[in-house]
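See structure below.
The values are calculated or read from the model by the stated rules, or taken from the named source; none is laboratory data. In this text the structure is predicted, and so the values were computed from the model without any measurement. Heads up, the Cβs are rebuilt from the backbone with ideal geometry, glycines too, and the neighbour counts pull from every protein chain shown.
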Amino acid sequence: MSGLRSLPVDDILRRQAITFDDILLLKRVFYEDGIVSSDEANLLFSMHENCTVQHADWPDFFIEALTDYLVFQEPPRGYLTAANAHWLIDRVSRGGKISTKTEIDLVLRVLSTARWAPVSLSQFALEQVKHAVVTGSGPLRRGKPLGAGKISEGEVEHLRRILYAFGGDGHVAVTRHEADVLFDIDEAVAGSPPNAAWTDLFVKAVANVMMAVSGYAVPSREEALRQEAGIEDDDGSILTSLLAMVRANLSSMQDSYHDQSIEERALSHLEHQRIEIITNEEIAAADPSWLVGRLGRNGRLSPSEIALISYLNHETPRIHPTITEAVCRLGSAA
């Protein structure tokens with residue numbers, strides 16, 4: 001795309017509109033050499049930010065060109081470094097918040113395309129959903145009559161896609177930074193009627209962290225977090241139905257976890273080291289004390305936490321002693 005400067009970009013910026021013909025010219029230049037320089041990437045962002053009128057084909061081209069630049073042209077090829085992730089975050093957000101759906105889709109495409117990306121980018125993407133849930137505003141809520149403190153099934157699926165994307169095709173447990181955002185969201189929705197899709201994702205993600213810090217080998221995120229049965233509220237008790245759903249869904253996942261051998265533990269450690277070296281960003285390790293401190297942090301258990309604690313009390317999988325003690329204590333108080 002080295003010929004971008006040969007196009008009437010100044011004219012496009014002056015009229016603040018991107019037409020279908022403009023996109024055809026941009027595509028022609030892009031597909032001629034398939035190269036986007038850093039200057040051109042910034043220029044594409046300037047066009048996106050300053051042109052208030054955009055043809056319907058613009059988002060697809062914008063996302064494709066910038067994903068190609070970040071993942072396949074900036075070294076190391078196929079991966080995303082912390083520096084490149086921070087550049088992307090700076091370009092798509094103001095005060096940590098994204099203002100358009102196109103930019104959210106760009107972040108998700110980059111995450112899902114890169115083999116590995118820094119966990120800070122996954123956390124940033126999760127924070128955009130958290131903002132929608134906590135405030136009831138932002139691009140994910142535009143045109144949707146859903147208030148603050150509630151979460152839609154579409155937003156749950158968005159969270160699931162982000163978690164899948166960061167995990168890639170490896171067996172990487174949900175990280176502390178990611179789980180922190182999920183706990184924040186759970187606190188925000190605790191006062192609303194329970195959402196089965198949210199509870200399903202939350203308890204599986206937290207169980208994934210619990211099993212990892214307890215020394216288990218974890219399955220891929222797609223296997224660990226896949227959605228299964230929903231609520232069947234036959235007896236009129238939503239909480240009872242949530243408990244039944246969690247027990248059924250987590251019981252079906254138990255076989256996906258197993259004790260790590262010495263070799264598996266060493267390989268898992270090396271995998272984390274490789275990700276940190278390539279992305280140039282540390283993955284903060286979850287630990288039992290932090291996890292216990294997050295459960296019921298505001299003085300009471302949420303419906304999703306009650307469902308998780310109930311399952312752990314009844315099924316008693318072998319978990320870290322610090323977590324076991326907390327589960328017993330919290331289970332008595334629930």
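Among the residues examined, Glu178 does not qualify as more than 25 Å from Gly293 (Cβ to Cβ) and in contact with a Phe, Trp or Tyr (Cβ under 9 Å, 6 or more places away or on another chain). If only residues of region 48-97 that are among the hydroxyl-bearing types (Ser, Thr, Tyr) and under 14 Å from Ala117 (Cβ atoms) are counted, the one that is surrounded by the most Cβ atoms within 10 Å (Cβ to Cβ) is Thr67.
Every residue, every condition in (1) among the hydrophobic types (A, V, I, L, M, F, W, C); (2) modelled with pLDDT of 95 or more; (3) touching a Cys at 6+ places or on another chain (Cβ under 7 Å), yes or no:
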residue: Ile63; (1), (2), (3): yes, yes, no
residue: Leu66; (1), (2), (3): yes, yes, no
residue: Leu70; (1), (2), (3): yes, yes, no
residue: Pro76; (1), (2), (3): no, no, no
residue: Ala82; (1), (2), (3): yes, yes, no
residue: Leu88; (1), (2), (3): yes, yes, no
residue: Glu103; (1), (2), (3): no, yes, no
residue: Leu106; (1), (2), (3): yes, yes, no
residue: Ala117; (1), (2), (3): yes, no, no
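When you check Ala266 against the structure, is it over 30 Å from Thr199 (Cα atoms) and out of contact with any strand residue (DSSP E or B) (no Cβ under 6 Å at 6 or more places or on another chain), yes or no? When the stated conditions are applied, Ala266 passes them. Only one of the listed residues (Ile323, Ile278) is surrounded by 14 or more Cβ atoms within 10 Å (Cβ to Cβ), of a type outside the set (Asp, Glu), farther than 20 Å from Val189 by Cα and in contact with a Phe, Trp or Tyr (Cβ under 9 Å, 6 or more places away or on another chain). That residue is Ile278.
Please give the helices (runs of 4 or more DSSP H) falling wholly within region 238-294 in which 3 or more residues are touching a helix residue (DSSP H, G or I) at 6+ places or on another chain (Cβ under 6 Å). Spell out how you get there, then give the answer.
Working: elements: 238-253, 262-279, 288-294.
Fully inside region 238-294 and qualifying: 238-253, 288-294.
Pairs under 8 Å by beta carbon, first residue free of Cβ contacts under 8 Å to residues at least 12 places away in the same chain in region 290-314, partner among the β-branched types (Val, Ile, Thr), six or more apart or different chains? Within 8 Å, no pair qualifies. With respect to Glu223, determine if the residue is surrounded by fewer than 22 Cβ atoms within 10 Å (Cβ to Cβ), touching a Ser or Thr at 6+ places or on another chain (Cβ under 7 Å) and at pLDDT below 90. Answer is yes for this residue.
Apart from one condition, Phe62 fits all of (1) of a type in the set (Phe, Trp, Tyr); (2) touching a helix residue (DSSP H, G or I) at 6+ places or on another chain (Cβ under 6 Å); (3) farther than 25 Å from Leu163 by Cβ; the exception is (3). Taking the numbered list (1) in contact with a Leu (Cβ under 6 Å, 6 or more places away or on another chain); (2) under 25 Å from Ala188 (Cβ atoms); (3) among the hydrophobic types (A, V, I, L, M, F, W, C) in turn, Leu108 passes all entries but (1).
So that you can scan it fast, the table gives a plain yes or no per residue for (1) under 25 Å from Gly78 (Cβ atoms); (2) not polar (S, T, N, Q):
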residue: Glu155; (1), (2): no, yes
residue: His158; (1), (2): yes, yes
residue: His177; (1), (2): yes, yes
residue: Asp180; (1), (2): no, yes
residue: Asp186; (1), (2): no, yes
residue: Trp198; (1), (2): no, yes
residue: Leu201; (1), (2): no, yes
residue: Lys204; (1), (2): no, yes
residue: Asn208; (1), (2): no, no
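Selection of first residues in region 42-59 that are on the phi < 0 side of the Ramachandran plot and of second residues that are surrounded by fewer than 18 Cβ atoms within 10 Å (Cβ to Cβ) and not in a helix (DSSP H, G or I), restricted to Cβ pairs under 7 Å at least 6 apart or on distinct chains, gives the following pairs, ordered by first then second residue: Asn50/Gln16; Cys51/Gln16; Cys51/Ala17; Thr52/Gln16; Val53/Gln16; Val53/Ala17; His55/Thr19.
Picking from residues in region 1-10 that are surrounded by 14 or more Cβ atoms within 10 Å (Cβ to Cβ) and assigned to a helix (DSSP H, G or I), the one that is modelled with the highest pLDDT is Val9. Between Arg294, Arg318, Arg300, the distinction of being within 21 Å of Trp198 (Cα to Cα) and loosely packed, with under 14 Cβ neighbours inside 10 Å belongs to Arg300 only. Selection over region 247-272 of residues that are under 30 Å from Pro76 (Cα atoms) and surrounded by 12 or more Cβ atoms within 10 Å (Cβ to Cβ) gives a count of 6. Restricting attention to region 74-102, the residues being under 16 Å from His131 (Cβ atoms) and free of Cβ contacts under 8 Å to residues at least 12 places away in the same chain number 2. In this structure, does Val107 turn out to be buried (at least 18 other Cβ atoms within 10 Å of the Cβ), without any contact (Cβ under 8 Å) to a residue 24 or more places away in the chain and under 14 Å from the mean Cα position of the chain (by Cα)? Spelling it out, Val107 is indeed buried (at least 18 other Cβ atoms within 10 Å of the Cβ), without any contact (Cβ under 8 Å) to a residue 24 or more places away in the chain and under 14 Å from the mean Cα position of the chain (by Cα).
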